[in-house]
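In what follows, a structure is listed as structure tokens, so that the remarks can point back to it.
The values are calculated or read from the model by the stated rules, or taken from the named source; none is laboratory data. Here the structure is a predicted model, which is why all the values come from computation and not from measurement. All Cβ positions, glycine included, derive from the backbone under ideal geometry; neighbour counts span all protein chains shown.
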Amino acid sequence: MAIPVKLEAFEGPLDLLLHLIEKNKIDIYDIPIVEITDQYLEYIKNMPARDMNVMSEFLVMAATLVDIKCRMLLPKEVNEEGEEEDPRQELVMKLLEYKMYKYMSAELKDRQVDAVKNIYREKNLPPEVSDYRPPINYEELVGDVNLTKLHEIFKSVVKKQIDKIDPIRSNYGTIQKEEIDMEAKVGFVEKFISSNRKFSFKALLENTKSRAELIVTFLIILEFIKNGKVTIFQENIFDDIILEAV
């Protein structure tokens, strides 16, 4: 993607080409490529800017014009449909697209300038006007709705609310948070280890009364194994896991 560069009068090579076409009053669909190429190269030769980043885009377009000029001298190529291809076609499409965007840019700039001139008066309505609400015509609001229709509407609304209720989860009770004294549980496990020395993991868990207590006991044993207070082993697969105090 080309980086847009702006010189003294032209914004890139397409802008220069468009200027030369308009200056010479040339039909953009029938560009005399030899004449335009000569004028374009003459301008590049006299360009005041010597920045290579700026010159590179103009040199690429100059090479494109020279290439088109050479192809114009050769016999015209024929496409698959048997029509002669114009070497200038791609360049013409780029110029038309650039001309359209340039026109749109100028149009938007004019609208921006005109928008700055617009001045809006602040809202300043008297209270009796701003607070006014039109009266409600209840007869027109109700229309042909009678008590029977109102009852049917009410039943349909109630049914929709009932359908929203989950028949399974709505029967769940309130989940109570179980509080476990960690210090007391650690003390119990330490006392159990010191009194039994060697025991099965199942025997320790048999003293738990809830799932939460079981999980806490399991975590305490893992911490004791990590700290080297107990060792763990299993003689055979599917046998009880044996714990032994160190």
Report summary line: Those residues of region 82-128 which are of a type in the set (D, E, K, R), assigned to a helix (DSSP H, G or I) and in contact with an Asp or Glu (Cβ under 9 Å, 6 or more places away or on another chain) amount to Lys102
Query raised in the report: In region 187-203, how many are part of a helix (DSSP H, G or I), surrounded by 11 or more Cβ atoms within 10 Å (Cβ to Cβ) and not aliphatic (A, V, I, L, M)?
Result: 6
Report task. Return yes when Leu41 is closer than 19 Å to Glu97 by Cβ and either modelled with pLDDT of 80 or more or among the aromatic types (Phe, Trp, Tyr) (or both) and no when it is not. Result -> no
Query raised in the report: Identify, please: which residue in region 204-226 is acidic (Asp, Glu) and modelled with pLDDT under 85 and is, among those, surrounded by the fewest Cβ atoms within 10 Å (Cβ to Cβ)?
Result: Glu206
Query raised in the report: Does any residue in region 191-203 that is under 19 Å from Asp239 (Cα atoms) come within less than 6 Å, Cβ to Cβ, of a residue that is of a type in the set (D, E, K, R) six or more places away or on a different chain, and which pairs are these?
Result: Lys198/Glu244; Ser200/Asp240; Lys202/Asp240
Query raised in the report: Here are some conditions: (1) under 30 Å from Ala62 (Cα atoms); (2) at pLDDT below 75. Asn118 meets all but one. Which one does it not meet?
Result: (1)
Query - Selection status of Val157, modelled with pLDDT under 75, part of a helix (DSSP H, G or I) and within 47 Å of the chain's Cα centre (by Cα) - result: yes
Query raised in the report: So which of Asn46, Asn118, Asn79 is within 16 Å of Gly12 (Cα to Cα), of a type outside the set (A, V, I, L, M) and exposed (fewer than 11 other Cβ atoms within 10 Å of the Cβ)?
Result: Asn46
Requested in this report: Scan Pro13, Pro32 and give me the residue that is at pLDDT 70 or above, under 14 Å from Arg88 (Cβ atoms) and either in the same structural domain as Met100 (by TED's automatic domain parsing) or under 41 Å from the mean Cα position of the chain (by Cα) (or both).
Outcome: Pro32
